[in-house]
Structures are given as structure tokens and as C-alpha cells.
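Accompanying notes for the structure given below.
The values are calculated or read from the model by the stated rules, or taken from the named source; none is laboratory data. All values derive from a computational prediction rather than experimental measurement. Here Cβ is always computed from backbone atoms with ideal geometry, including for glycine, and neighbour counts include all displayed protein chains.
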Amino acid sequence: MKRFDYIRPASIDEALAAWNPGAAWLGGGTNLVDLMKTGAVQPDTVIDVTRLPGLDRIEWGADGSLRIGAMVRNADLADDPEVARRLPMVAEALLAGASGQLRNAATVGGNLMQHTRCNYFETPQAACNRRDPGTGCDARDGENANLAVLGWSEACIATNPSDFCVPLAALDAVVEVQGPEGKREIAIADFHSLPGDTPERRTALEPGELILAVRLPAAAADFAGHARYLKVRERTSYAFALVSAAAALRMEGDRIAEARLALGAVAAKPWRVAEAEALLAGQAPDPHLFARAAGAALTGAAPSGDNSWKIDLARRTAARALAMAATGAPARMPALPASPFGEPAGDHVHA
Amino acid sequence: MPDTLVQPVRFGSNSGQPVTRRDGIAKVTGAATFAADNQPAGLLHAVYLPATIARGRVTHLDVAAAEAHPGVVQIITPADRPPLDGDPSAKPTPFSFRIDVLQDDTVRYAGQPIALVLGETLEAATEGARLLAPRYAAETARTALDDETPFAFEPAGFGLPAGAEHGDVAGGHAAATQAVDVTYETAAQYHNAMETHAVVAAWEGDHLTLDMPSQALAMSCGAYAYFFGIPAENVTLRSPYLGGGFGSKAFTTGPQVLAILAARMTGRPVKLSLTRQQMFGPVGHRGATRQRLRLGADVAAALTVIDHESIAATSSFDDFVEPAANASQGLYSAQALRAAHRAVRLDVGTPGPMRAPGEASGSAALECAMDELAQEAGIDPLEFRLRNYAETEPGTGKPYSSKALRQCYDQAAERFGWAGRPLAPRQMRDEAGLLVGWGMGTALFPAPMFAAEARATLRPDGSALVETSAADMGQGAWTALAQIAADSLGLPLDRVEFRAGHSDLPDAGVAGGSGHTATAGTALHAAGGDVIRQLGEIAAADEASPLHGAGNAGFVARDGRLCVAGDEERSEAFADILARAGGAALIGNGSGSRAPEDAERWAMNAHGAVFAEVKVDPDLCQMRVTRLVGAFAAGRIINPKLAESQLMGGMIWGTSFALHEEARHDRHTGRIVNADFAGYHIAVNADVQGLEVITVHEDDPHVNALGIKGVGEIGVTGTVGAIANAIWHATGTRVRRFPIRVRDLLEAGSPVG
Amino acid sequence: MASSIALTLNGVARQVALDDLRVTLLDLLRERLALPGTKKGCDRGQCGACTVLVDGRRVNACLTLAVTLDGVEVTTIEGLSDGETLHPVQAAFIENDAFQCGYCTPGQIMSAVGLIAEGRAGDDAERIREGMSGNLCRCAAYHGITLAVQDATRRMAGAEAEDAA
Ligand SMILES: Cc1cc2nc3c(=O)[nH]c(=O)nc-3n(C[C@H](O)[C@H](O)[C@H](O)COP(=O)(O)OP(=O)(O)OC[C@H]3O[C@@H](n4cnc5c(N)ncnc54)[C@H](O)[C@@H]3O)c2cc1C
Ligand code: SF4
Ligand code: FES
Ligand code: FES
């Protein structure tokens, strides 16, 4: 690990003043410290923002909106009873990510900003446009079976690995940031960037900007009864998604009044498709409808390598997540959150 | 000495008891000291730089940048590496492989050490290694089985002869009315013991002290003595605890030799601990295989032929070839049998034995092919295996020393509830709509013995000290071997002090091949017997002893007393006998190995049957093993609790083999792109449920005096096939590669819903 | 850049000078404070062997920079038992043969203590499996681990009920 200076500012202003072009904000460190070890990220200054006052709160507005401080730990957010009740798929997505230990450390801000898990990015000896612009992309002709099928470019085919961001995208979250130029808000849809020719610009955050909070509008809770996160994995737990989906329905009687659908691990950002959601609005839930919506969600999907299978899987995952949402959010968090095996199965086998 | 006959102690009071691990408290309090936990004064930290290409040359290292980093003490590259006394390409001991110790600038596999950095701190050494920023002249790496032409190679397995042909193979093919011709692939797997390979090396003159996890202490000392030009007795190796071995800690590795060299060079103790990433390269692995199985059966579903060909990967510079096809030699009776091996040289580290070498990969393919043929023949897979039950070892024609496989099938099938399983696939669902499938496989692992020595000292107070350099890598040697020793001495366990894990102790041989308890146990048993024999001689000759003159009847040792066989009322405490004899301790020695004539005469294997239930999401194709029931017959079980844990561990390895483990190489550089625990999956806790183990008792008078076979590896075999067969049964999709991934079921077009 | 942190380590207040800011909590414990009971299995948050409690919460010591820990309380495996008396989780691990080589064990035990404190799993086996999945065990002692956590959870709940009574 390269040597660095460490600063623990006492206030947001101090933090912003401490920023320099070689600096990195330090949240729980579960991603940053890891990448500092591999050498993929080499900050000169590490600015520890975990103790900034006021950023560790979960606050419900009078209108029912939610403001989550950037330093709230993933575990604390998932375990907040109101969050679990009003925004079940947010809690489910958080609990489906990483491990109990990591969730205790990981912050909301850090989760939003976590880097891709593309191995070539993590490995400084490999060519990677995202890490070192202009060097090329070794994944393009390398091991890319788990990389992007949507929104990728010749320059980069990486995916965003966050589970948490997928329901955030579905629920129209807003990211509050503050930088040298002051405060601003970024809609989650604009927060993560598709690679284009500049994969190194992974988010809309400008240099020196710090995430202060994530807000969810009051309307997000309208989906509470019918919201699920589903994550397909190669092992039952402690694994990144092959593909994931957040699906939420606002039901009026037995019709879908409004639908939300976002896919994870298929692109450099959580993938949300308005057309798919529009297809669902006003309809009665049914498997064929969900299949059509899932198909629409994958419009434009194309393999970036040895991964056309992910397109099929994403379609199936989206359709299933919608079906699960239609069934309703479970009264209690499933033992295996977001897992196909999380449903109460019973041991009875019908031959 | 006919008048001091000692009755063999076959069923003492300790053996057979589920004694709790004797090292338990040390392990749950953090007091158990693993190699890298040692911290001698003046320690230097060593970190090596691993190659990120698999084939080519290192053309540049930025030594100046690394040297300039504060805390970096020294950098060793091929250009300035001090000489070794031994040739790194030599094989100084029976089980050794050529090592990479910076002998030149060529790169033969990714992960090969290309420089060593010494630092005052771990942080400095780590950063020094990074700053070396190597440049390479790289060539396209060969890392896939198709990248090179196979050549014939007959590897030696544990116990079974090299690949061979028996009976009329062509005739067997011709006679078949049902046949399958299928090819299975198994991926390269890495041992990945939780404790990475590590060493703390310290020199004092020409005496070398090593804290290092080792499955073979004496052998390792010999190897280090060779490389450093000192007598073997100048090497002290301490290995009280190993954080797992699975075969990979039985060998001398390049990084460890480099650390020892650095210690000699600097005159300071040196610690080197591999990173997780570095475990993928210079410390062995299970080579990838491609196995073609052609099986034929007649109308009665009797096998006419088992024709098993395996191609396995090895390195470009050494030979270890998975004896995978040998798995077909021990199991099913067939008119004709062929097991043949070929190898492919790739730019990978040299493979080595990894838990159930040969058998694990071979069994995976064989058990699936058997299932395919049963399906073809339209009969139940268990019934099919019973019809082809071998009464003598198919590959050799030898009788089995014991074989309770039928009981294993019966008991496991019963416990699992196998009866009533629909023959056709895709017939069962659970309440949540998940596909449910049931599969089974037969488990087999040879019961080899190596050579071991042990010493028992009966102290004047009647307690004992038993010593052997045995390694406990988790299998429970500290406990099971002490139980055997206590029985051989007729003492309760708490009167026996057991010392192991140190090279000064009598050589316990290799902890591997599932033969350690049998081998070291036999040595301990003999050493205890030797003490009791001596004690009997003293007592029988001692007029003051109640045992005087009873030598003809023979003695048994019980609870610290020597008793007359058949008249146990007539006895005397050990301490009393010794006190009158002058109060000196008695020392007995023993050795353990198998008589060649027994090995010649009998086929000796442990057997088992594994039944698996899997659930598969019909749309998403995610899989989960929901039940695993295994019954195993492995001779006498010394400690059922520990044996059960071993067998369960092996079965979970089977789960990982079937569903998770696979090293993936970048096709250009040959670098393993998932060389960490996030990318290289092994089963986690949530992957394990419904696990049950049954041990079926076997009285085996031939394997060794104690009747022990071994349980360390057999759990892996059988299980892999059982899971794959269950996945087929759940889905109707036959995946012929391991691990079985979500995409494999998807791409096979598993229908939706 | 040198720095110094004050922390309570296994109940004892300590001032620790850090001559190197790169030192992780794991390497601080193992290489500098003579507390090698906490193990390194991957150094990258991928195995759980390094699990310790920071302010009572389980975290991966390998991804925690020591310099960030000023003012916190750290509990490691060495500080878990009460003198000779094992913590109920430690005792349950022995009784249920929840380990083989013992290398992942300190991390498993600290993780279990953390999980029980989180109260997320109760004695539900499936929830325990999920909750303990951040701790790899290559010996694959998972069956025993789940039983041990179940046992300890019940025992601790029982003890609490007794205390309350
Ligand atoms: C083994 C392993 C498995 C994992 N599995 C999953 C998984 O299954 N699903 C999943 O979603 N995630 C997973 N993760 C990732 C984990 O969720 C992230 O590492 C974590 O959320 C990052 O949060 P942090 O606070 O630790 O961020 P840090 O590591 O501190 O920071 C990450 C990035 O965010 C920046 N940053 C931090 N805070 C702010 C801020 N306030 N404003 C602006 N920038 C900021 C940092 O500079 C850095 O670039 C896994 C991680 C590991 C190590
Ligand atoms: S896919 Fe993106 S992150 Fe991966 S190597 Fe290519 S440029 Fe880098
Ligand atoms: S050593 Fe920290 S998680 Fe593996
Ligand atoms: S007990 Fe060996 S790794 Fe868990």
C-alpha cells in the first residue's frame, strides 16, 4: 500500500477544505482499503469522514420522505424497523450484500461509491481504462463472463456491483452532495455513469464533492406492500450478484397502479427502464405480463463478451422479482434475504 | 521370551469414544500458535512478488524504487540471489516437486515468485514488492487443456496400481446392449487451507529453526537440509498446529525456501506468510481434467466394460498428473476394464495431491457416467450399482480386506428415504415450486499406510509420555492418536501426555493419503505394547510382585495396572512395579507400516455411499444442496465425533467441487483472475444444511493391527457425483463439467417454469 | 507520518503509537501488540478470519485502518473469556466440534458473539447459517458451527432470563 496522509476532519467544512486532487474520502473502508491494498487506488490523503457530525442519522420527514445520512452503516439502515416496514426491498437488498461484518462497517456513501469488481480493474498490472484512462481494457478479450450486457462501451464493460443501489434506483432516490461549489442534489438515475469514452468518470460526483445523504421520496413507501429484491448468486450467501432485480408495485385493488423495476449487475449503473414500468401500469398482475415487462427491460441488451447468458438470466430474474412483488412483501425478512431459497419452502416433497 | 506374551489391546476404553478435542481450549481462546503467530526478536518480514504472467521472462524490476522505500531492508532478485546448496530442480525426498526460488528470469506460471523483498515491517515489505513494478517479455500462455497436445502418462495413485487394462475391452464394448460415451471436465482447484503457507525461519550458526505448518516434519527437515547443505538433525521444525493442509503442506515450496535463504543471508529471523492470492500458484493445486467414459452394460444391466480415459493438466516443468481414471479400478465389477491417463503441459504451477487426489475427480466423472447408464437402462441408480457390486477388486482381482459397502448403501438409502424416488427427472417440487432432485454416488478411497515411528515412556509415577512427530491439521491427531496411545498403555487418557508436531520427536511420516491415524497410530500402539512387554518381563521376574511367574499367561494393561490375562483380579499398579525395579522410567519404541505381503494380498479401501438432495430454481437455475446423507465404512473408528467431522468436511468439499471451485485464467497472460476468496468460491455456511453422516463399523483384521482405514478424504468422493446426479434428477439437464454453474443450466435450455 | 491512538483493548485502556498509517487493525494486533489470536485468511474482507468486535460490533479487522480507531473499544478472541471461564460461545464450539484445524475459529467465535448481540438470527438454524456466512471454514465445520451458535444463543438467552428473574 502506498503511504498516505490521514485526516479526520471535525466538520463538513473542514472535510471539504482538506480535499485535494490526490485525496479519497474514507467511509467504512471495506472497498477503499481493499483497493489500496491491491494498488488499484492510491490516494495521497485519506480523509476519514465517518465521524462527521450529523451524517449518521436516519430521519423521516413529516411528509413521509426519508433522509439517510451518508455515514449510516449498511447494517443499521437494514435493521431500522421503519425502513424494513416502509422500504422492505431496500432492507432486503442491503442484507443480501456482503456479510454481517462488512455491513457493520460499510457506509451508505461508500456503498454508492463502491468500485466495480472487474478483476482487471483491481489488478494494476492489467490494462484498464477505468483505472488508467487510455491504457485499454483487458476484460474486453479476457474473462468477462460476468460483465455488462447493457450500457457498455468499447472502452469499458464493467458492472456496478452494489445491491443497495438497485432499489434506490427503482425508488427515485436523490443523492445530496456538497463540494467546493456548495450543495447540490443528484437524481440516482444520473448518479452512476455509463462508461462511454470516459469510464474513469464513474459517477456524477465532481472532484471534491462529498455525499452527505441519500433521500427517498415519500412515494417510495407507497410500494411497501409489494416490493422485493431478488439476487441470483453462484453460492447461497456472501457472493456478488450474477444478476439482481428490484421490483415494486403500487397496487390499487387487483390492478397495478404503478410499477418500478431496476436491474443490478448488468451495467455500470443500476438499470431502470421506463418502458417496462409503463407496460405494467394499469394491468392485472400475471406471469405473461411480467415476462413482457422483463423483455422490455432488456431492450438493447447485448453481450460484451462471453456473457449472452446473462441477458436470459436478467430477463428471468426481472420477471420473477415482479411476480414476487405481486405476491407481496413478506411479513418478516426471509432467512435468506433476496434469495430464490429465501421463501418458506417447507420440507414436504410431492413426488 | 515366550513367558511374557502380551495380549493385543484391540478394544481399549479410549478408542471408539467420542472424546472431545484435546486442543479445543487452545483453539477457542486464540492460544493455539500457528506458524505466522510467532514473533521472535529482530524479525524481518519477507514478501515476494508474484508474476502476473504465466509464460515469458521478467525484463525489468524497479529495484531502486523499492529500495528507496523506507523500511525496505533488502531485495533479492535472480540477479543477486545467494546460492543454494541444493538444486531447486532436484527432488530430495520421495514426495517433492521442483521449486521456483529465483533461479533465473523465466516465468513458468502466474504467481511464481520473481523477487523477494525484506522489510522491517510487513507494510514496508509489501509496498517494496509493489514498487518493483515488473516488466515482462510475455508469451501467450497455455492454460486450457486444448492449448497443448496430450501425451501418455501413467501416474501412481495411493494404493491402486497405475492405469491398466483387464479383460477384453473391445469385447466388452461389443457385448454392451446399453452404452454411454460421455466426457466430463473438472476445473483446476486450489487447496486454500485457511492458514496460508507461512514460515518463521531463524538461523543460529548452521542450525535452522523453523516454525512452519508441515504435514511431513521429518521429510521436510531432510529437504531443507539438502537445500541448505546442513545435516538434517540441524533442522528443528515446529508445527504444533496447521491451519489446514489438504495435501498442500506436505511439500517444500519455493517461497518458504526463499524465506529461509533470506534469514541466512541477513542473519535475522524472517517471517513469510503467503497472501491469499499467492496460494494460487507455487503451492500446488488439483489439476484440471477431461475424462471420457465409455460404459457398456448387457440386458441384465451388468457392466460389460468400464473404459475410462483421463487427460489431466500438469506444469511445463514437473510431473503430477491426477490419477483420475484409477477411480474406475476399485469400484464396480465389469467384464473388462481400462483406465488410461494422458497429460498436458500447461503454464500453471505444478499440481499436487489435493484431498482425495485422483479419486475426487475420477469419482465425479465415474459416478455421473454410472448414473447416465442407469438412466439409459431404465433402472434405479442404486439398484444399478448393486447389480455391479464388486466382490473382488476389479482392477487387481484381489479380495477386499473388508468391504461393508452394502451396509453403507442400505443405511444411507434408508436414512435418506431413497425408496420411492421417481426414475424420470423433473418430477419433484417443493411447496415453493422449486425443483427437487435426488442423486447418489459411491465413495471409495484407498487405505494406504506409510511409515511412522513412535516412543512411549512410562514414568515412575505410572503416567506416560508418548511422542511422535504427527501433524494435526484439523483431523484430530492430538486427540485420536492419544486415545490409541492410552489404550496401548492401558491408561486413562488424562494420564497420557502426548507430544507431537515437533521434528525432534520420532518421525511420524506424512499426514496424508488418509493414512496418518493408521500409520502413526500403529506406531504408537506398538510403542505402548513395547513398554507393557518390558513391564511384564520385570513383573514376572519380580518375586515381590503378585504377577510373579505369570508370564506364561500373558498380561493385559488396564487402568494403570498390569493384569494377568484371564485372571484380571491378579494385578499390580504400574508405579509399584517400577518402584521396586529401581524407579526408572521405561521407554518403548514402535513403528508402523504395512507388511508388504498384506499389501500384496488384499485390496484395502474405505467405502461409502452418499445421497444428495438438491433444489433448483426452475427459472433462475440457482442451486442449493438441501440434504446430504453419507454412510461410510472405514474400518475401526477411533473417535466417532472427530471422524464424523472429517467426513462432513469431506462431503462439503464435495459440494464445493460440484458447485463452486474453479480457477479461471486470463486467456492471454494466463493469470488467474479469480485468485481470491471473493472470486474463487468455496461453500459458505448457508450452503450447508441437512448434513448427516453414518459410520458403519468394520472389523478389518488385515489393514493393520488396529483395524483403521482412514476418513480424511473419502467424503469428497461419491458426493460430487451424487450432487450432479441430483441436479440432473431435478432439472433433466445433464451438465458434464464441474463446477456446475447457473449458466450451464441456463444454456442447456432448462425450460422456464 | 506518525500518529497515536487511544483505545480500549480487551478491557484495558491503551495508548498505541502508530509509526505507519497503513497498519490495519489486524496487523496491529498480530504484528505489533502480540495478540496473534486474530487470524488472517485473506486480508481483503473475503473470509472473516480476522473478525473482532469494535464497540461491540463484529467487523473485519483486515479492512480497518488502525489509525481510525481512536477512542474505540476492541475485543479480540484473547479477551473473550472471563479468566479461566470460557464464554458460552467458546464452550459451545468445543462441545459441538465446531472446528477442525482451528484457524478460522477465533473469527467464527467473534462473529457468532457479534451475531448473537445483533439479535438477528435467534436460534433459527437457517438465519444462523446466513448470519455466519461471512466466515469461511475450509475444514468445513459448518454443521458444528451452526449447532454451536444455536446452543450458545439458547444458553445466553437462558442466562439472561435468570439474571432478570
Ligand atoms: C468480500 C466482499 C463482498 C462484498 N459483497 C457485496 C455484495 O454482495 N453486494 C454489495 O452491494 N456490496 C458488496 N460488497 C461491497 C461493500 O458493500 C462495499 O465495500 C461497501 O458498501 C463500501 O462502503 P464503505 O463505507 O466501506 O466504503 P469505502 O471503502 O470507505 O469507500 C468506497 C468508495 O466510496 C468513497 N466514499 C466513501 N464515502 C463517501 C462519501 N460520503 N462521499 C463520497 N465518496 C465516498 C470512497 O472514497 C471510495 O471511493 C462486498 C465487499 C467485500 C469486501
Ligand atoms: S471492463 Fe472496465 S473496469 Fe474492467 S478492465 Fe475494462 S475498462 Fe477496466
Ligand atoms: S482476513 Fe479479514 S476477512 Fe479475511
Ligand atoms: S476449522 Fe479449519 S478452517 Fe475452519
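If you take the residues in segment B:596-641 that are among the acidic types (Asp, Glu) and touching a strand residue (DSSP E or B) at 6+ places or on another chain (Cβ under 8 Å), which one is surrounded by the fewest Cβ atoms within 10 Å (Cβ to Cβ)? Only one residue fits best here, namely B:Asp617.
Within segment C:94-126, the set of residues being under 17 Å from the mean Cα position of the chain (by Cα) and among the polar types (S, T, N, Q) comprises C:Thr105, C:Gln108, C:Ser111.
Results for (1) polar (S, T, N, Q); (2) within 14 Å of chain C (Cβ to nearest Cβ); (3) crowded, with 23+ Cβ neighbours inside 10 Å, shown as yes or no for each residue.
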position	(1), (2), (3)
B:Ile25	no, yes, no
B:Ala35	no, yes, yes
B:Val47	no, yes, yes
B:Glu67	no, no, no
B:Gly86	no, no, no
B:Pro92	no, no, no
B:Phe95	no, no, no
B:Gln103	yes, no, no
B:Tyr109	no, no, yes
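Can you tell me which residue in segment B:359-384 is nearest to B:Ala188 (Cα to Cα), limited to those that are of a type in the set (D, E, K, R) and out of contact with any Asp or Glu (no Cβ under 9 Å at 6 or more places or on another chain)? This residue is B:Glu367. Pairs linking a residue in segment B:288-309 that is on the phi > 0 side of the Ramachandran plot to a residue that is assigned to a loop (DSSP other than H, G, I, E, B), with Cβ atoms under 8 Å and 6 or more positions apart or on different chains, are B:Ala301/B:Ile379; B:Ala301/B:Asn388. Just so you know, in segment C:119-161 the residues that are within 16 Å of ligand 3 (Cβ to nearest atom) and polar (S, T, N, Q) include one that is surrounded by the fewest Cβ atoms within 10 Å (Cβ to Cβ), and it is C:Ser133.
Counting only residues that are on the phi < 0 side of the Ramachandran plot and surrounded by 15 or more Cβ atoms within 10 Å (Cβ to Cβ), segment B:548-579 holds 20 of them.
Residue under question is B:Ala447, and the condition is that it be in contact (Cβ under 8 Å) with a residue 12 or more places away in the chain and under 25 Å from the mean Cα position of the chain (by Cα); does it hold? Judged against the criteria, B:Ala447 is a match.
Annotation: of all residues in segment B:136-172 being at pLDDT 95 or above and charged (D, E, K, R), the one that is nearest to B:Arg664 (Cα to Cα) is B:Arg142.
In summary, B:Phe611 fulfils each of the numbered conditions (1) over 30 Å from B:Gly281 (Cα atoms); (2) assigned to a loop (DSSP other than H, G, I, E, B) with the single exception of condition (2). Within segment B:283-326, being β-branched (Val, Ile, Thr) and more than 14 Å from B:Gln189 (Cα to Cα) holds for B:Val299, B:Thr304, B:Val305, B:Ile306, B:Ile311.
If I filter segment C:47-75 down to residues being under 17 Å from B:Gln277 (Cα atoms) and touching a residue at least 60 places away in the same chain (Cβ under 8 Å), which single residue comes out as farthest from ligand 2 (Cβ to nearest atom)? Ranking the qualifying residues of segment C:47-75, first place goes to C:Ala49. From the list A:Cys165, A:Cys137, the lone residue that is buried (at least 24 other Cβ atoms within 10 Å of the Cβ), away from ligand 4 (no atom under 16 Å from the Cβ) and more than 30 Å from A:Leu249 (Cα to Cα) is A:Cys137.
Scanning segment A:316-329 for residues that are away from every other protein chain (no Cβ under 12 Å) and over 17 Å from A:Leu279 (Cβ atoms) turns up A:Gly328, A:Ala329. Within 12 Å of another protein chain (Cβ to nearest Cβ) and either crowded, with 24+ Cβ neighbours inside 10 Å or among the polar types (S, T, N, Q) (or both) - does that describe any residue in segment A:266-279? No, every residue in segment A:266-279 fails to be within 12 Å of another protein chain (Cβ to nearest Cβ) and either crowded, with 24+ Cβ neighbours inside 10 Å or among the polar types (S, T, N, Q) (or both). Among residues belonging to segment B:386-400 that are out of contact with any Ser or Thr (no Cβ under 6 Å at 6 or more places or on another chain) and outside any loop (DSSP other than H, G, I, E, B), point out the one that is surrounded by the most Cβ atoms within 10 Å (Cβ to Cβ). Among those that are out of contact with any Ser or Thr (no Cβ under 6 Å at 6 or more places or on another chain) and outside any loop (DSSP other than H, G, I, E, B), it is B:Tyr400. Using the structure shown, decide if B:Asp472 is over 26 Å from B:Ile538 (Cβ atoms) and within 23 Å of the chain's Cα centre (by Cα). Considered against the rule, which asks whether it is over 26 Å from B:Ile538 (Cβ atoms) and within 23 Å of the chain's Cα centre (by Cα), B:Asp472 comes out as yes.
Looking at segment C:79-120, which of its residues are touching a residue at least 12 places away in the same chain (Cβ under 8 Å), of a type in the set (D, E, K, R) and either more than 24 Å from A:Ala105 (Cβ to Cβ) or facing chain B (nearest Cβ under 9 Å) (or both)?
Looking only at segment C:79-120, we keep the residues that are touching a residue at least 12 places away in the same chain (Cβ under 8 Å), and these are C:79-80, C:87-93, C:95-101, C:103-118.
Right, trim to of a type in the set (D, E, K, R) and you get C:95, C:97, C:118.
Hits for segment C:79-120 are C:Glu95, C:Asp97.
Within segment C:45-75, the set of residues being surrounded by fewer than 24 Cβ atoms within 10 Å (Cβ to Cβ), assigned to a loop (DSSP other than H, G, I, E, B) and either at negative phi or within 13 Å of ligand 3 (Cβ to nearest atom) (or both) comprises C:Asp70, C:Val72.
Among the residues of segment B:667-693, those that are of a type in the set (A, V, I, L, M) and within 14 Å of chain C (Cβ to nearest Cβ) comprise B:Ala675, B:Ala678, B:Ile682, B:Ala683, B:Val684, B:Ala686, B:Val688, B:Leu691, B:Val693. Which of (1) assigned to a loop (DSSP other than H, G, I, E, B); (2) within 12 Å of another protein chain (Cβ to nearest Cβ) is the odd one out, the single condition A:Leu313 does not satisfy? Only one criterion is unmet by A:Leu313, namely (1). As a summary of the residue check, B:Phe228 satisfies the conditions (1) farther than 30 Å from B:Met604 by Cα; (2) surrounded by fewer than 23 Cβ atoms within 10 Å (Cβ to Cβ); (3) free of Cβ contacts under 8 Å to residues at least 60 places away in the same chain except for the one numbered (3).
What is the number of the single condition among (1) out of contact with any Gly (no Cβ under 8 Å at 6 or more places or on another chain); (2) over 27 Å from B:Gln411 (Cα atoms); (3) assigned to a loop (DSSP other than H, G, I, E, B) that B:Leu746 does not meet? Single failed check for B:Leu746: (3).
Please determine, by comparing only the residues of segment C:12-44 that are touching a residue at least 40 places away in the same chain (Cβ under 8 Å) and not hydrophobic (A, V, I, L, M, F, W, C), which one is farthest from ligand 3 (Cβ to nearest atom). Among them, the one singled out is C:Arg22.
Restricting attention to segment A:177-190, the residues being closer than 25 Å to A:Val166 by Cβ and without any contact (Cβ under 8 Å) to a residue 60 or more places away in the chain number 6. Of all residues in segment B:298-355, those being out of contact with any Phe, Trp or Tyr (no Cβ under 7 Å at 6 or more places or on another chain) and among the basic types (Lys, Arg) number 2.
Counting only strands (runs of 3 or more DSSP E) wholly contained in segment A:7-97, the ones carrying 1 or more residues that are within 14 Å of chain C (Cβ to nearest Cβ) and among the β-branched types (Val, Ile, Thr) occupy A:45-48. Criterion applied to C:Ala112, C:Ala91 was being surrounded by fewer than 21 Cβ atoms within 10 Å (Cβ to Cβ) and in a helix (DSSP H, G or I), and the one residue passing it is C:Ala91.
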